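Contents: one structure, followed by commentary.
The values are calculated or read from the model by the stated rules, or taken from the named source; none is laboratory data. Remember, predicted model here, so these are calculated numbers, not experimental data. Every residue, glycine among them, receives a Cβ derived from its backbone with ideal geometry; neighbour counts consider all protein chains shown.
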Amino acid sequence: MLEIKCPYCGKRSQNEFSYGGDASVKRPALEKEISDKEWDDFVYFRKNPRGKHLELWHHVSGCRQWFKVSRDTTTHEIYKTSKINEE
Amino acid sequence: MQKYSIFSLIKNAFTNHENWEVAWKDPEPKKEYDVVIVGGGGHGLATAYYLAKEHKITNVAILEKGWIGGGNVGRNTTILRSNYMWDANGLFYEYGMKLWENLSQELNYNVMYSPRGIINLAHSDAQLNTYSRRGNSMRLNGIDAMMLGRDELKKMIPFADFSSSARFPIFGGLMQPRGGTARHDAVAWGYARQADSMGVDIIQHCEVTGFEVQNGKIKSVQTSRGNIQTKKVGLCVAGSTSLLAEKLNMKLPIESHVLQACVSEPVKPFLDHVVTFGAGHFYCSQSDKGEMVMGGDLDGYNSYAQRGNLPTLQHVLSEGVAMFPNLSRLKMLRTWGGIMDMSMDGSPIIDKTHIEGLYLNCGWCYGGFKATPVSGWTFAYTIAQDQPHDLNSKFKLNRFSSGHLIDEKGVGTKTWIG
Amino acid sequence: MMQKYRLDKKGYINRKKIISFKFNGKKYFGYEGDTLASALLANGIHLVGRSFKYHRPRGFIGAGVDEPNAKVQLYNKEAKNEPNVLATEVELVEGLTAKSQNCWPSVSFDFGAINNLFSKFFPAGFYYKTFMWPKNFWYRIYEPIIRKAAGLGVAPLKPDPDRYEHKFEYCDVLVAGSGPAGISTALAAAKNGAKVILAEEKPRFGGSLLSDEVTIGNKNGKDWADESISQLKSMPNVIVKNRSQVFGYYDHNMMVMIEKTKDHLENPTKFIPRQRLWYIRAKEVVISTGSIERPLVFANNDRPGIMLASAAKEYMKVYGVLVGKKPIIFTNNDSAYDCAIEFKKNGIDPLVLDIRKNSDSSIVKEAKNLNIKIKFSHGVANSKGHLRVNLATIGKLNNSKSSYENLENVSCDCICVSGNWTPTVHLSSQSGNKLKFNDKIDAFIPNQSRQNETTIGSASGAFTLKKSLEDGFSKGYEISKKITGKDTKSSPPTSNERSSEEHDKFWCMPLPKGKHYKRFVDFQNDVAVSDIELAVREGFRSIEHVKRYTTLGMATDQGKTSNLNGLQLVSNVEKKIVPEVGHTTFRPPYNPVTIGAIVGREVGKNYRPTRKSPMHSWHEKNNAVFVDAGLWLRPRYYKQSNETLSDAAIREATNVRNNVGVCDVTSLGKIDIKGADSAEFLNRVYTNAWMKLPVGKSRYGVMLREDGIVFDDGTTTRISENHFHMTTTTAQAVNILAHLEYYLQVVWPELDVNVLSTTEQWAGAAIAGPNSRDLMGKLFPSLDVSNEALPFMGFKEEDLFGVPARIFRISFSGELAYEINVESGYGIFMWEKIMELGKEMNIEPYGTEALSTLRIEMGHVAGSEIDGRVISSDLSLEGMLSKKKDFIGKRSLNREAFLDPDREKIVGVIPLDRKTMIPEGSHLVKDNKSSLPNPKLGHISASCWSVEYNNPFSLAILKEGKKRIGEKLYALSPLKNKSIPVEIVSSHYVDPKGERVRS
């Protein structure tokens, strides 16, 4: 079971969190004219890397904050967690 | 090639089994092939076999990074079925079932196809209705399906929780009688042996490191054992598809996730069907060795590690015990994980790509094992004819842009929810 | 009472307490502190089971978890039977009843042994080569026969009466294994202030100290262990656990341990769990799991009486049991001499066969001084004895060890073998540690740690006591210092042990000339040397292929004694070195774990939580029949006399249409939304416009996912300028909240909005029917409930007899209707008031079934239509797609497939005979006689008996739906053998203009 450091609450076991997928995917701004390809890239297409993966987690059974986790998809090692507005 | 039979077995017994031939050779890669299949798993081996058998293309190499059959074909729960709602899936997998039915004889290798019936338990009337929609769709597609009532189920699986203490009582179930299991390793080995005998080169411990593409056409494959010229490359590397696609500057509608499975210690057979739990995600059958073979949900985060964590198994086994309370006193013997290509609508991709000569076979989610024959068959057709067969014509890569999604579960792009 | 093989005064058993037990129907006696294995051996019983494939008679190989053969079935009271229990692990309790497995009619006479006669025809993988003809015979004939022979023990079929617990623990240092290395580490770390957990899988602490002749300080090893354990137990920062095995090393130093808490107790108290599963998050893990002796391989090396030398020694030292009185010790290393000396000390003359040419170690000298007969360069070539070994053919090996110079028969009653030691590296490997091969001991040892783990003692390949103690103390100190910052260093005590020399790498004896006897590598699965050779011959050269083809290491012992021998054999045949062949993956669990223990308390009704509304007890008292709606229990109908579900649904729905009904809608998701940008936020998450919704008004809204698919629907009410109350469906409540939080926190953090689930804070009652306004007037006498003052989609806050209430004039039933929310604690008060005041208007409660009927005939969509695969236009909700603003999912709606004019559309369906209910899940087709596959035009999503028209009515999602209104089709349900001619009508079957809700 992963141990994830919520930037707001501290270290907690994974069962308090839910996963939110690739955090490098950015939703295009509302009303912005974009190509079909840009939109499809946002909705469906993923880098799906082996190794370092920046992803979202949600502290559902805690503070209910979404935050970013930098994690290795091969070893599951977590390098860093940060608030959404932090680098 | 030696023919396998009871007679050859007896004959060889008298020479102490010292005269058996190798099941497949271990050749050095040639400089050039007509077709290169990347990935020596079930789908890759089947594709090579059908290329040789159906399309007479035998100058084929299978490149496998490790040992053949070491990926998901060797780490699944061996379930075969075609109990799908959407036509694109139903008709495809049903053709697969027909291939399964003759596979042992065709390959002269006992893959132990066992049509013991797969039962999906339902725990409410609403769920029964959802299953009816699927079951009726199957029947109208010519696929076997039947509804079972609670009383019928009590006779078939009396050890299931029919008591008043069940949190989600069993209301009934949908059964596909021809669904069942097969011996997973045998499938890989059987295809390998026949493909090898028709001239296909099975090259193990050969990692693909890159591709050479010129003017939009595939030219060669770079490997840890040198460059191999070819005009056609088929990718059959579910679990790692995105990694090879990256070498081709392609992004795919796929995420890799780890799925765990486990077996109990062997016990005398008491479960003769494959049964799935409807108030959760759990499936279970009992192998011919007596082990309960069990699986369920993904670990739920992107992963390329063939290992998972215990809470997922705790969750899955709690579903198992909710379904069959007697599992509680058995012991979990072995657990393992496999990497799934989770596609964004839960259905596979078997298609050409924008690169001429590059073909894609991926996105199998949980369901790749049962598809092995039909995936190989249709992919071989697609490669040989340079166009999809009717059966895989809906499994296009561009369906994500066009909106022709094939979403069996209706959960959308959150692949980790499964 | 005779225990013929029990030694006087030896061992750590309690001779004051005699215990009776039954094995294979016969009564025996042992002592408290025995295992089933030691008690059987004390009674001279070696034959304990039959092998999996050939049904060969088998006895004990080991004395612990490495045992491959001695799996028995335990029979207990109630449903407490347990298959596949290791006799070497079961502690003897009064009345224990055990039986051999995989044999019939008995272990000494087993029909299955016929397989052994034909074993020649059953080499590795034989089943892949045969049973293929005729087709279909596999499933019908061969497989059923094979399945009859499958399995070991018999699974209980009743639910498990025992309970299991989980415990979560955090510590600085977890030490797995309480041998000398483990105890030293725990002592050093604990004294330096670390929070330590020391886990021992056996009932007794001490590991090898229990049976090795060593001294530590000025005490013997066992006494030192006992004293150290007492010392550890007295420290507040230490948890010491026996019968506790760490079986899994997971991510982020999460260790999982299983503790046996009940089965060894004679009279367990009522509430004691059977086992306890510990999830332990350890800052550092020290793996001191010891090592396991490898067997030597020779012809017929599987007979009962042939066992590991270390096990024989353990039975003597720990249990005071002789495993035989005419022992042969067969070894390639010094450690087995311990066993020989122990026999000698107990008055038994062993014969030692040593593969090595000589050894000058102190232990061999000691043996020689004791006049123990030793034959160097000798080994066992074959053994005889049907149910117990009684003869060994021994011989002198030639120089190349490829054959024997001479052979002679020696009678014996046990052969104690030692092929050197394999470090127990399972946990290290599970942690991600890439193992390396140590040539000196011919085994893998841990290399580079990936997580915070350290392996010490013989698990790391260090086989001397001195090194174990030194490493334990220094690692315990170093690791704890890193964590606690403290600096209390304790030094290791002096120790004394016998020194030993190198082992001989030779372990697989040649066959006697011209013979084809089986030499077993994996005992339980009957994998012999010839099987592994055959696999390699057939091209199964990868160790994983060998494992899968031969089933080597796949039995319940997971190859603890066989994997390395198998590996060495493959490397010999392939003429490679072992590290080139590699090893198979070590995966949790180290030893099989009871499934119930993994599951814990999530069983029966507690499998998942049950959510109940505050009015649940009222529903129960009023004959409600409940239905699961996700985790919620909702009244499906309120049963009167012997009504059926459909009778009740018709009665309840009719009453709503004619009078007034009340429905518990507490389970609907409720989200409180506050902040200056709330309206803007809703405008983005819903497809329709929200900026201009006036305060005091509700509006219906539909949400999409980004892929354009309809996600959920519900009404949201503007309570004040910057305060909204959102409702969601019961099913999606949890997901919608996370969805809203995602957009607010990740995508649009600039919006000033907060969301909070209030599902559990409000109890909800829907009051529907033509009399509902009258009832509202009674419930809220001071409120003007006229259509003008409280119009459709209006909202008011008012006291309900002193209880603050929210009143929404919204309707799912299509009737004039209101929904009242009060704080949950007042739910029952509200409900009873409604029932009391509604009595004169003929109020009746209605359940979800009537609710469905009402919404279906109105054409309102619900979960059966919003199934995660439809877009707004499929549900005729395209009018709600705002053209003036962007919203979640809008950009996806221009996809080719979504714009297809022939897409599905929601319609109504009526059977032509106006009588036959159309089963939900039926499909609509043009031609009911078409050949298969029959093209499907759509499906029936929901059906009801229309109380308005007194005939069946269904909703369907139908291709080109709107164009087909008036068309005649067939609704087919082959599952129910039904083909129903139907007519397509509008989905708005009742009150299509929506006049009632506005009345």
Got at least one residue in region B:312-333 being facing chain C (nearest Cβ under 7 Å), of a type in the set (A, V, I, L, M, F, W, C) and in a strand (DSSP E or B)? yes
Assess whether C:PHE473 counts as being aromatic (Phe, Trp, Tyr) and either under 28 Å from C:ALA225 (Cα atoms) or in contact with a Ser or Thr (Cβ under 8 Å, 6 or more places away or on another chain) (or both). yes
Surrounded by 21 or more Cβ atoms within 10 Å (Cβ to Cβ), closer than 30 Å to C:SER872 by Cα and not assigned by TED's automatic domain parsing to the domain that holds C:ASN950: is that true of C:VAL656 in this structure? yes
Find the helices (runs of 4 or more DSSP H) located wholly in region C:484-586 whose residues include 1 or more that are under 28 Å from the mean Cα position of the chain (by Cα), and list them. C:543-550, C:563-574
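Identify all residues within region C:256-304 that are of a type in the set (Ser, Thr, Tyr), touching a residue at least 12 places away in the same chain (Cβ under 8 Å) and either more than 14 Å from chain A (Cβ to nearest Cβ) or crowded, with 23+ Cβ neighbours inside 10 Å (or both); write none if there are none.
C:THR261, C:SER288, C:THR289, C:SER291
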Matching residues in region B:142-157 (surrounded by fewer than 22 Cβ atoms within 10 Å (Cβ to Cβ) and facing chain C (nearest Cβ under 7 Å)) number 3
How many of the residues in region C:94-122 are under 14 Å from C:VAL48 (Cα atoms), assigned to a loop (DSSP other than H, G, I, E, B) and of a type outside the set (S, T, N, Q)? 4
Per the filter on region C:357-401, residues within 47 Å of the chain's Cα centre (by Cα) and either part of a loop (DSSP other than H, G, I, E, B) or free of Cβ contacts under 8 Å to residues at least 12 places away in the same chain (or both) are C:GLY385, C:HIS386, C:LEU387, C:ARG388, C:VAL389, C:ASN390
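From the list C:ILE918, C:ILE906, pick out the single residue that is touching a residue at least 60 places away in the same chain (Cβ under 8 Å), aliphatic (A, V, I, L, M) and within 14 Å of another protein chain (Cβ to nearest Cβ). Even if it seems obvious, please write down each step before you answer.
Values: C:ILE906 fails: within 14 Å of another protein chain (Cβ to nearest Cβ).
One residue alone meets the criteria, C:ILE918.
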Matching residues, region C:22-42, being part of a strand (DSSP E or B) and under 33 Å from the mean Cα position of the chain (by Cα): C:LYS22, C:PHE23, C:THR35
In region C:411-437, what residues are over 26 Å from C:PHE330 (Cβ atoms) and assigned to a strand (DSSP E or B)? C:LYS434, C:LEU435, C:LYS436
Pick from region B:1-34 the residues that are of a type in the set (Gly, Ala, Ser) and not in a loop (DSSP other than H, G, I, E, B): which of them is nearest to the other protein chains (Cβ to nearest Cβ)? B:ALA13
Any residue at all in region C:359-374 that is outside the structural domain of C:GLY553 (by TED's automatic domain parsing) and closer than 30 Å to C:GLY553 by Cβ? no
For region B:336-361, give me each residue that is more than 14 Å from chain A (Cβ to nearest Cβ) and in a strand (DSSP E or B). B:TRP336, B:GLY338, B:ILE350, B:ASP351, B:LYS352, B:GLU356, B:LEU358, B:TYR359, B:ASN361
Breaking point among (1) crowded, with 24+ Cβ neighbours inside 10 Å; (2) over 21 Å from C:THR35 (Cβ atoms); (3) assigned by TED's automatic domain parsing to the domain that holds C:ILE445, for C:ASN253: (1)
Filter region A:58-76 down to the residues that are touching a strand residue (DSSP E or B) at 6+ places or on another chain (Cβ under 9 Å) and facing another protein chain (nearest Cβ under 8 Å), then identify the one that is nearest to C:SER449 (Cα to Cα). A:HIS76
Take the residues in region C:548-584 that are polar (S, T, N, Q) and on the phi > 0 side of the Ramachandran plot; name whichever of them is surrounded by the most Cβ atoms within 10 Å (Cβ to Cβ). C:GLN558
Counted residues in region C:138-169 being part of a strand (DSSP E or B) and surrounded by 15 or more Cβ atoms within 10 Å (Cβ to Cβ) come to 5
If you go through A:SER18, A:SER13, A:SER24, A:SER35, the only one that is hydroxyl-bearing (Ser, Thr, Tyr), more than 15 Å from the chain's Cα centre (by Cα), within 22 Å of C:ASN735 (Cα to Cα) and within 14 Å of chain B (Cβ to nearest Cβ) is A:SER13
It is to be established whether one or more residues within region B:362-375 are within 7 Å of another protein chain (Cβ to nearest Cβ), in contact (Cβ under 8 Å) with a residue 12 or more places away in the chain, in contact with a Leu (Cβ under 9 Å, 6 or more places away or on another chain) and buried (at least 24 other Cβ atoms within 10 Å of the Cβ). no
Name, by its number, the condition in (1) away from chain B (no Cβ under 11 Å); (2) closer than 21 Å to C:PHE444 by Cβ; (3) touching a Leu at 6+ places or on another chain (Cβ under 7 Å); (4) not basic (Lys, Arg) that does not hold for C:LEU567. (3)
Quick test for you: out of C:PHE711, C:PHE795, pick the one residue that is assigned to a strand (DSSP E or B) and within 36 Å of the chain's Cα centre (by Cα). C:PHE711
Could you please find all residues in region C:887-936 being polar (S, T, N, Q) and within 30 Å of A:GLU31 (Cβ to Cβ)? C:SER892, C:ASN894
